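> Handing you a structure now.
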Amino acid sequence: MTPDDRPALADRRGVPDVYRPAEDSALLAAAAAEAVDAGDLVFEVGVGSGWVAERVAAETGARVVGDDLTPEACAAARDRGVEVVRGNLLDPVADGAVDVVLCNPPYLPTPPAAEWDDPLEAALSGGPDGRRVVDPFLDDAGRVLAPGGVVLLLVSTLTDPETVRARAAANGLAAETVREASYPYERLLVLRLTTDAPSK
Ligand SMILES: C[S@@+](CC[C@H](N)C(=O)[O-])C[C@H]1O[C@@H](n2cnc3c(N)ncnc32)[C@H](O)[C@@H]1O
């Protein structure tokens, strides 16, 4: 991926009420392009606009499907040709079904008062500690992995990566950082999570 491919430039059209792809989306897509093989089945939790899923499918040849909580995001992703279902986290996925799970969750700590009772704001809020979505995601991620499967999870230093790693470990998932990018108030990280089984 070159600087010219940055999604903020690639997706100026925007879609109301759908997360516009940003630096976090690009970091996750770049990590996924390295981790995914053409024969893999990939599931992206929270596809948003579908930019990441579309890009990973185009760059790797893999089948990428996903879900999102909001109907607006599902419609936007479908408009890009992404296979998407409306659903919560990994609920739509059968046990042991996927080779790679991708997730750029709501990860920013957000006081309840800042959610403005708005469905998009609520969907993008990481809750008071930033881990409102991350924690239940980690509790279920190992269940859906095929043998040797991997999870790529984007978090911020504001999400407290050590606590995220500890939660992953408590669920039998080892974490290593495979991508990082620094910004004025935070560093974004892509964590690669694997079970004890030999990874792909
Ligand atoms: C930060 S955006 C990322 C969107 C896209 N993956 C990207 O990287 O550009 C997070 C997305 O997760 C969705 N989301 C939030 N909670 C979710 C949940 N429990 N299950 C599925 N999707 C969820 C939101 O609606 C939003 O589209």
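> Within region 187-199, does at least one residue satisfy the condition of being part of a strand (DSSP E or B), open to solvent by less than 40 Å² (accessible area, probe 1.4 Å), among the polar types (S, T, N, Q) and closer than 17 Å to G46 by Cα?
Scanning region 187-199 turns up no residue that is part of a strand (DSSP E or B), open to solvent by less than 40 Å² (accessible area, probe 1.4 Å), among the polar types (S, T, N, Q) and closer than 17 Å to G46 by Cα.
> Suppose the filter is more than 11 Å from the ligand (Cβ to nearest atom), open to solvent by 30 Å² or more (accessible area, probe 1.4 Å) and at pLDDT 95 or above; does D99 pass it? Give the steps one after another, and end with the answer.
Values: more than 11 Å from the ligand (Cβ to nearest atom): yes; open to solvent by 30 Å² or more (accessible area, probe 1.4 Å): yes; at pLDDT 95 or above: yes.
For D99, the condition - more than 11 Å from the ligand (Cβ to nearest atom), open to solvent by 30 Å² or more (accessible area, probe 1.4 Å) and at pLDDT 95 or above - is met.
> Give the residues of region 156-200 that are of a type in the set (K, R), farther than 22 Å from A29 by Cβ and in contact with a strand residue (DSSP E or B) (Cβ under 8 Å, 6 or more places away or on another chain), sorted by residue number.
The answer is R165, and nothing else.
> Only one residue in A31, A26 is at pLDDT 95 or above, within 10 Å of the ligand (Cβ to nearest atom), open to solvent by less than 20 Å² (accessible area, probe 1.4 Å) and in a helix (DSSP H, G or I), so which one is that?
Step by step, each of A31, A26 is checked, and only A26 is at pLDDT 95 or above, within 10 Å of the ligand (Cβ to nearest atom), open to solvent by less than 20 Å² (accessible area, probe 1.4 Å) and in a helix (DSSP H, G or I).
> Of the residues in region 125-166, how many are touching a residue at least 24 places away in the same chain (Cβ under 8 Å), open to solvent by 10 Å² or more (accessible area, probe 1.4 Å) and more than 29 Å from D37 (Cβ to Cβ)?
Total meeting the criteria: 8.
> Same structure, new question: Consider R63 against the criteria (1) of a type outside the set (F, W, Y); (2) near the ligand (Cβ under 9 Å from one of its atoms); (3) open to solvent by 10 Å² or more (accessible area, probe 1.4 Å): it satisfies all of them except one. Which criterion is unmet?
For R63, the failing item is (2).
> Quick one: A75 ticks every box in (1) outside any loop (DSSP other than H, G, I, E, B); (2) within 21 Å of L154 (Cα to Cα) bar one, so which box is it?
(2)
> With under 15 Å from the mean Cα position of the chain (by Cα), more than 9 Å from the ligand (Cβ to nearest atom) and polar (S, T, N, Q) as the only criterion, which of S156, S125 stands out?
Sole residue among the options that is under 15 Å from the mean Cα position of the chain (by Cα), more than 9 Å from the ligand (Cβ to nearest atom) and polar (S, T, N, Q): S156.
> Ok, one more. Regarding G39, is this residue near the ligand (Cβ under 8 Å from one of its atoms) and either buried (at least 24 other Cβ atoms within 10 Å of the Cβ) or of a type outside the set (D, E) (or both)? Don't jump to the end; show me each part of the working.
On the way: near the ligand (Cβ under 8 Å from one of its atoms): no; either buried (at least 24 other Cβ atoms within 10 Å of the Cβ) or of a type outside the set (D, E) (or both): yes.
It is false that G39 is near the ligand (Cβ under 8 Å from one of its atoms) and either buried (at least 24 other Cβ atoms within 10 Å of the Cβ) or of a type outside the set (D, E) (or both).
The values are calculated or read from the model by the stated rules, or taken from the named source; none is laboratory data. Please read all numbers here as calculations on a predicted model, not as lab measurements. So basically every Cβ, Gly included, is an ideal-geometry build from the backbone, and we count neighbours across all protein chains shown. Surface areas here come from the heavy atoms of the whole protein model, side chains and all, with no ligands, DNA or RNA. Shrake-Rupley method; radii C 1.70, N 1.55, O 1.52, S 1.80 Å.
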